[in-house]
1. Search the range B:6-48 for residues being facing chain A (nearest Cβ under 8 Å) and charged (D, E, K, R), and hand back the single one that is farthest from the chain's Cα centre (by Cα).
2. Helices (runs of 4 or more DSSP H) wholly in the range A:36-126 with at least 1 residues that are closer than 18 Å to residue A:138 by Cα - which ones?
3. With respect to the numbered conditions (1) among the β-branched types (Val, Ile, Thr); (2) closer than 24 Å to residue A:313 by Cα; (3) in a helix (DSSP H, G or I); (4) open to solvent by 10 Å² or more (accessible area, probe 1.4 Å), which one is the sole condition not fulfilled by residue A:184?
4. Show the residue pairs that are 6+ apart or on different chains and have beta-carbon atoms under 7 Å apart, the first residue being within the range A:235-257 and surrounded by fewer than 22 Cβ atoms within 10 Å (Cβ to Cβ), the second being among the aromatic types (Phe, Trp, Tyr).
5. Taking residue A:45 as the residue in question, decide whether it is at pLDDT 90 or above, more than 9 Å from every other protein chain (Cβ to nearest Cβ) and closer than 22 Å to residue A:117 by Cα.
6. Quick check on residue A:216: is it open to solvent by 50 Å² or more (accessible area, probe 1.4 Å) and either more than 25 Å from residue A:297 (Cα to Cα) or not charged (D, E, K, R) (or both)?
7. List pairs: first residue in the range A:36-63 and within 22 Å of residue A:76 (Cα to Cα), second residue not in a helix (DSSP H, G or I) anywhere in the structure, Cβ distance under 7 angstrom, at least six positions apart or on different chains.
8. Looking only at residues in the range A:88-133 that are within 30 Å of residue A:209 (Cα to Cα) and of a type in the set (S, T, N, Q), which one is most open to solvent (accessible area, probe 1.4 Å)?
Amino acid sequence: MSLAHDDHLDAPTLTGPGPSLAGVEDFVALLKPRVMSLVIFTALVGLVAAPGGLHPVLGAIALLCVAVGAGASGALNMWWDADIDAVMTRTQNRPIPAGRVAPGEALGFGLLLSGVSVMLLGLATNWLAGGLLAFTIFFYVVVYTMWLKRWTPQNIVIGGLAGALPPMIGWAAATGTVGLESATLVAIIFMWTPPHFWALALIKSEDYARAGVPMLPVVAGEDETRWQILLYSLALAPLGVLPAAIGLGGWAYLTLSSVAGLAFVGFAWRVYRLREGVPARRAAGKLFAYSLFYLTALFATILIEKSFGVAALTAPFDGWM
Amino acid sequence: MAEEDGVRLTTEQQRQRRRRNVAIAWALGALVVLFWLVTIFKLGGNVLNRPL
């Protein structure tokens, strides 16, 4: 179907001026709504787990700001990565490579939302939270997207910090500080990110190779990636239990995080052992899916325990700590 | 100048532009409400603490 009815209007191009073809849904897609949902959820857990309390309305506005800031990062990421998105099957239908949104529109959209979300979060809560959100956007867009992603196979290890920070933003919004507790939540997501993304990269390594993105399976090979996944999983499992030891979780959290951590290592072990054909791909796919469940389950348990006022395991020792 | 000079939007482009404009209007309205809410809830009970 042609959108040009006569020769007054050239076919739309990515770079040329002309009427925009972008629909509202294309701008929504620029926000990466699925990524945003995990960011909102982990920020909510940081907000609820924090001592003291933020007024629910201000808390909701803080979450909205974190969501919009995450969306802005997604838009700026798509603006910068439009060239590699165009050659990867997973991303070639995104609004910019598909020609529905011009790069300049995505850039302006991302910058505007970044500014608004940081300012509003600072005004609604405090400037530590606003500063952390600004740092998160900067880290994701400049450090990860522009620098690390095309340069080193450690891209998602270091860049994962951006995705790990939302609970700390939530905590800072509620308390005005960043404590050991929020740092632990950040560390869990930080350690979870490599096995999560490398499991996907094992399945999509041809895609990344075609785009020239130095993901670990492309640069170091699949066997090394499987080994690294296992190492990170072994580090993640005990780290996942740590919140129970620092006053963030009760018995339910201790039990669930222990069992779920062991299962995580089990899935990673299968990825390490099964290296050929369909079973290998299936094992990687299962680890990817399970990793999403794992993180959601851990954070949901903290959320539920805190919401219902369940005593932390460390409660009897509160006077000593 | 002939009427057909310049860019003429297709019906689809006009529809998309209208939808974008409506979305921007909603976003601006939401921003106004958000700033109002932030002001009210940051002030809290201090709203009443003033000379009458």
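1. For the range B:6-48, the residue satisfying everything is B:8.
2. Details: elements: A:56-80, A:82-85, A:103-124.
The qualifying helices (runs of 4 or more DSSP H) are A:56-80, A:103-124.
3. Failed condition: (4).
4. That search, which allows pairs on different chains as well, returns A:237/A:264.
5. yes
6. Taking the combined requirement at face value, the residue does not satisfy it.
7. A:62/A:54; A:62/A:125
8. A:93
The values are calculated or read from the model by the stated rules, or taken from the named source; none is laboratory data. This is a predicted model, so every value here is computed, not measured. Note that we place each Cβ from the backbone using ideal geometry, even for glycine, and neighbour counts take in every protein chain shown. All accessible areas refer to the heavy atoms of the entire protein, side chains included, with ligands and DNA or RNA removed. Shrake-Rupley method; radii C 1.70, N 1.55, O 1.52, S 1.80 Å.
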